[in-house]
Amino acid sequence: MTEIVLTKDIINNFLKHGEKDYPFECCGFILGHFINDKSVGTEYITVPNTKEENKERRFLIDPMVYQDAEDQADKKGISIISIVHSHPDHPDRPSNFDKNHAWPGFSYIIMSVIKGISVSYRSWKLNHDRTKFIEEKITIIKEDKLYG
Ligand SMILES: [Zn+2]
């Protein structure tokens, strides 16, 4: 099982984002490091959902926004490790659409936002032949441990 390590701040930030953008899907990136089988997040950045129709059930990230985030991360010596999005009034599991549009290597964190409240979240990674998402372990640590 792969593992993603996140601070409480990162989690609170994306949960709040999901509530703020409800009833639309929100999306964002977690920047951080890949360390062997583990991904370690250091910050969450929000990105606009640029889908024009059906924003309640789909999200789209502008490739330029992706490029910008990658450049920002590069400058700090880190990478985009995770793509986060919300499922308004739906469970925190990937849809077929999510599977068909996902890239290997990234952690896909999906949060379920029910009636405007973020109720749960899980992290998923595509398996090697891209046929399915496998849930990964989320470990929550305190901010100070990250740099200590
Ligand atoms: Zn989705």
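Would you mind telling me the antiparallel percentage of the DSSP bridges in segment 1-104, rounded to 5? Don't jump to the answer; show the numbers that get you there.
On the way: 15 of 18 bridges.
That works out to approximately 85 percent antiparallel.
Classify the chain as rounded, prolate or oblate, taking a ≥ b ≥ c as the square roots of the eigenvalues of its Cα gyration tensor: rounded when a/c is under 1.5, otherwise prolate if a/b is larger than b/c and oblate if not.
Details: a/c = 1.33, a/b = 1.29, b/c = 1.03.
Verdict is rounded for the chain.
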* Across the chain, where is the longest run that never hits trypsin sites (Lys or Arg not before Pro) in a DSSP loop with at most 12 other C-beta atoms within 10 Å? -> 1-75
* Antiparallel bridges, percent of DSSP beta bridges restricted to segment 54-137 (to nearest 5) -> 60 percent
* Loop only per DSSP, at most 13 neighbouring Cβ atoms within 10 Å: give me the GluC sites (Glu not before Pro) in segment 41-118, ordered by residue number. => Glu52, Glu53
* **In degrees, nearest ten, helix 8-21 long axis to first principal axis of the chain (Cα)** => 20 degrees
* Structure fact -> Cα-Cα longer than 19 Å, checked against Lys51/Lys125; Lys20/Lys115; Lys76/Lys137; Lys16/Lys115, kept in input order, equals Lys51/Lys125; Lys76/Lys137
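We did not get these values from a lab; they are worked out from the coordinates using the rules stated. The model shown is predicted, which means the values in this text are computed figures rather than measured ones. No Cβ is skipped: glycine too gets one built from the backbone with ideal geometry, and neighbour counts run over all protein chains shown.
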